Amino acid sequence: MGAEKRSGGWCGWLIVLLILGVVAAAVVITIKKRSGHGGGDEAAPVPGPPGAVQKKYADALKLATQFFDIQKSGKLEDNPISWRGNSAVKDGSEADIDLSKGMFDAGDHMKFGFPMAFTATVLSWAILEYGDQMNAVNQLETARGSLKWMTDYLVNAHASDNVLYIQVGDPVSDHKCWDRPETMTEKRPLTQVNTSTPGTEVAAETAAAMASASLVFKTVDSKYSSTLLKHAGQLFTFADKYQASYSLSIPEVQTYYNSTGYGDELLWAASWLYHATGDKSYLEYVVQNGNKYANFGNPTWFCWDNKLAGAQVLLSRLSFFGPNDLSSSIKSGLQSYRKTAEAVMCGLFPNSPTATTSRTDSGLIWVSQWNSLQHPIASAFLATIYSDYMLTSRTAKISCSGQTYRPSDLRKFAQSQADYVLGNNPIKMSYLVGYGDKYPQYVHHRGASIPANAKTGCTDGFKWLKTTDPNPNVAMGGLVGGPFLNETYIDSRNNSMQGEPTTYNGALIVGLLSGLVTTSSVVQSFT
């Protein structure tokens, strides 16, 4: 009997201990849920110099930087692409200016100034944040050379204080031809914005490109940097003084790169001009115009048409690392930008209370069936940057409606989007041309689709569009449009919706891969 009682007592205590264990576990789980992913309030260590290189991202980055060489117009120097040659060398001649450089927008032969300037701004930002990581895999000089190819064009396109050439070529006649850029014969008319036909968004975006690039070249070529900065200031003044959408001034642009507003570009350009000059009047501009243009509290998607999320992240940089002598009104204004940047980040975490529902079943951010990859790659690029701002500033976490997340969570999201692009998706195909064993073979790209030795005119080249043979030339490093919402992809040369690579996609994927290729803290000041 005594033995039985002792046994029963031990069982009772065992049950009590088990219950206490379950309660303790439940408390821990609840705390973890509320705090996000554990780890307490302690900030993660600041990364040191570039760490171990992740091969898959390094290989992908080396491909992605090549796409800019494929898109170059003009007289090519040290051309690494065997099937590309000199093209459009007389662009701009009707106005006695040299617009031969720059880059073709996508698979056609148009030079659209609005997305080209965005491409240059994003590439500049990538170099400024991750130049050391690009250098670790020998891609810094390549990226800087491609940037200069665009800014050389943009400098010449800014013919005088209030005149900016924003387009070379007529898209209607251009799209009636299927030929190589080296042999094209169609007319190349010029389109400009000026005081009578203003275009605030394209002038401001070009100002952003010039200002950001001036920082890239500041220690490499100070004279060129000063030239870029001078143009940036003039263009911003022009954009702000003569406010009108280029889509209204020049209705023909609506078919291809229609703008939904110019307030975002004004904030974006002013943000870059502050970083490039240190002139606090630009910070006063973004603070004074924040309520008018910034759409505080409402997350937006970063893309060639909408720069708000980019501007909010860029201005958050000053909240993390900015000078201490800023006025209280400027600090308060910058905090509004940072709060909205954090709202953008909170929407990206899959399990956040405010998570966006704009995703595929496999977790890819998906917003638009045209060029669907632009938004996930842009979002991942911003997430990588914000993560590194947090790490470098020893900021432990951000709060999303009571649930907290750490820099590592942002990086994990960014990696998920990059990995999807590189083949971790339902159809196991890389959307970066040339990467992996399976990637698009019928890219919508004229130069890639026509043999380099083919003799074609404007219209007889369409046989190369229609052929069922894969492209004879590989548009190496091109990021195609991407999958439909149901995660399917039709590899057809006629499928420009999914299969056309663009230069601005190229800049975004270069930026993302540069941020992921290895670990390193970001610089606290671009200057």
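Considering only alpha-carbon pairs that sit under 8 angstrom and 6 or more positions apart, the relative contact order computed for the stretch 284-393 is 27 percent. For Lys331, a cut-off of 16 angstrom between C-alpha atoms picks up these lysines, skipping any fewer than 8 places away in its own chain: Lys280, Lys339. Computed on the chain, with alpha-carbon pairs under 8 angstrom and 6+ residues apart, the relative contact order is 22 percent. Relative to the longest principal axis of the Cα atoms of the chain, the long axis of helix 374-392 lies at roughly 60 degrees.
Among His445, Gln524, Ala44, which residue has its Cα furthest toward the positive end of the charge dipole of the chain, with +1 on Lys/Arg Cβ and -1 on Asp/Glu Cβ? Selected residue: Ala44. Axis of helix 308-321 versus longest Cα principal axis of the chain: the two differ by about 60°, to the nearest ten degrees. Computed from label points 7 Å out along Cα-Cβ, the spacing between Lys241 and Lys466 is 5.4 nm.
Using θ = phi - 60° in the Karplus curve 6.51 cos²θ - 1.76 cosθ + 1.60, the 3J(HN,Hα) couplings for the stretch 156-173 round to 5, 5, 8, 5, 7, 3, 10, 10, 9, 7, 10, 7, 10, x, 10, x, 5, 6 Hz; x is entered for Gly and Pro. Note that the stretch 244-258 has calculated 3J(HN,Hα) couplings of 6, 6, 5, 5, 8, 5, 10, x, 4, 6, 5, 5, 10, 10, 6 Hz, one per residue in order, obtained from phi through the Karplus relation 6.51 cos²θ - 1.76 cosθ + 1.60 (θ = phi - 60°); glycine and proline are x.
Estimated from the Cβ-Cβ distance and a Förster radius of 41 angstrom, the FRET efficiency linking Ser82 and Thr195 is about 0.35.
Rounded to the nearest 10 degrees, the angle from helix 2-35 to the longest Cα principal axis of the chain is 20 degrees. The portion of the accessible surface of the stretch 297-360 made up by carbon and sulfur, rounded to a whole percent, is 46 (1.4 Å probe; DNA, RNA and ligands excluded). Shape of the stretch 111-216 from its Cα gyration tensor (a ≥ b ≥ c, root eigenvalues): rounded if a/c is under 1.5, otherwise prolate when a/b > b/c, or oblate? Cα axes put the stretch 111-216 in the oblate bin. Ordering Thr384, Val344, Asn371 by Cα displacement along the dipole of the stretch 340-458 toward the positive end leaves Asn371 in first place; charges were set at the Cβ atoms of Lys, Arg (+1) and Asp, Glu (-1). Of the options [x] 19; [y] 28; [z] 25, only one is percent of Cα pairs over 43 Å apart as computed from these coordinates, and that is [x]. Over all orientations, the stretch 324-368 has a Cα convex hull whose mean projected area works out to 4.5 square nanometres. Remark: the stretch 378-527 carries 34 Å² of accessible area per residue (probe radius 1.4 Å; ligands, DNA and RNA excluded). When only the Cβ of Lys, Arg, Asp and Glu is charged (+1, +1, -1, -1), the dipole of the stretch 388-475 relative to its Cα centre reaches about 140 debye. Per residue, the accessible area of the stretch 89-214 comes to 28 Å² when a 1.4 Å probe rolls over the protein heavy atoms.
For the cross-link pairs Lys56/Lys412; Lys241/Lys292; Lys72/Lys101, the C-alpha atoms of every pair lie within 18 Å. Reported to two decimal places, what Rg/Rh ratio describes the stretch 323-464 when computed on Cα atoms with Rh from the Kirkwood expression? Radius of gyration over Kirkwood radius for the stretch 323-464 works out to 1.15.
Across every direction, the projection of the convex hull enclosing the Cα atoms of the stretch 199-287 has a mean area of 5.8 nm².
Using all pairs of distinct alpha-carbon atoms, the Kirkwood hydrodynamic radius of the stretch 251-369 works out to 15.4 angstrom. Stretched out straight at 0.36 nm per residue, the stretch from Arg359 to Lys412 would grow longer than its current Cα-Cα span by 17.5 nm.
Its residue count N fixes a reference of 2.2 N^0.38 Å for the stretch 275-343, and the Cα radius of gyration divided by that reference is 1.04.
Rg and Dmax, both from the Cα atoms of the stretch 45-108 and both in Å, are 17.5, 57. When only DSSP loop residues count, what chymotrypsin sites (Phe, Trp or Tyr not before Pro) in the stretch 427-490 have their Cβ near at most 16 other Cβ atoms within 10 Å? Taking the stretch 427-490 and a limit of 16 other Cβ atoms within 10 Å, the loop chymotrypsin sites (Phe, Trp or Tyr not before Pro) found are Phe484. In order along the stretch 395-411, the Karplus-derived 3J(HN,Hα) couplings, from 6.51 cos²θ - 1.76 cosθ + 1.60 at θ = phi - 60°, round to 8, 6, 7, 10, 10, 10, 6, x, 9, 10, 9, 10, x, 5, 5, 5, 5 Hz, and Gly and Pro are given as x. Normalised by the number of residues in the stretch 367-434, the average gap of Cα pairs under 8 Å and 6 or more apart makes the relative contact order 27 percent.
In a reduced charge model with +1 at each Lys and Arg Cβ and -1 at each Asp and Glu Cβ, the chain shows a dipole moment near 1380 debye about its Cα centre.
Model label points for Asn298 and Lys176, set 7 angstrom from Cα along the Cα-to-Cβ axis, are 4.2 nm apart.
Exposed loop positions in the chain were taken to be GluC sites (Glu not before Pro) whose DSSP state is not H, G, I, E or B and which have at most 10 other beta-carbon atoms within 10 angstrom. Between these positions, the longest stretch is 78-527.
Note on Gln441 and Gln254: the model spin-label points, each 7 Å out from Cα along the C-beta direction, lie 4.2 nm apart.
Within the stretch 242-273, which residues have the backbone N less than 18 Å from the label spot 7 Å out from Lys339 along Cα→beta-carbon, could you tell me? Answer for the stretch 242-273: none. For the stretch 326-395, a crude dipole built from +1 on the beta carbon of Lys and Arg and -1 on the beta carbon of Asp and Glu, taken about the Cα centre, is about 260 debye to the nearest 20. Given a 1.4 angstrom probe, I'd like the percentage of the accessible area of the stretch 78-236 that is carbon and sulfur, rounded to a whole number. Ligands and nucleic acids excluded, carbon and sulfur reach 48 percent.
Our note on the geometry: Cα centres of the stretch 428-491 and the stretch 66-145, 20 Å apart.
The values are calculated or read from the model by the stated rules, or taken from the named source; none is laboratory data. For clarity, every value in this text was computed on a predicted model and none was experimentally measured. So basically every Cβ, Gly included, is an ideal-geometry build from the backbone, and we count neighbours across all protein chains shown. Ligands, DNA and RNA are excluded from the accessible area calculation, which covers all protein heavy atoms including side chains. Shrake-Rupley method; radii C 1.70, N 1.55, O 1.52, S 1.80 Å.
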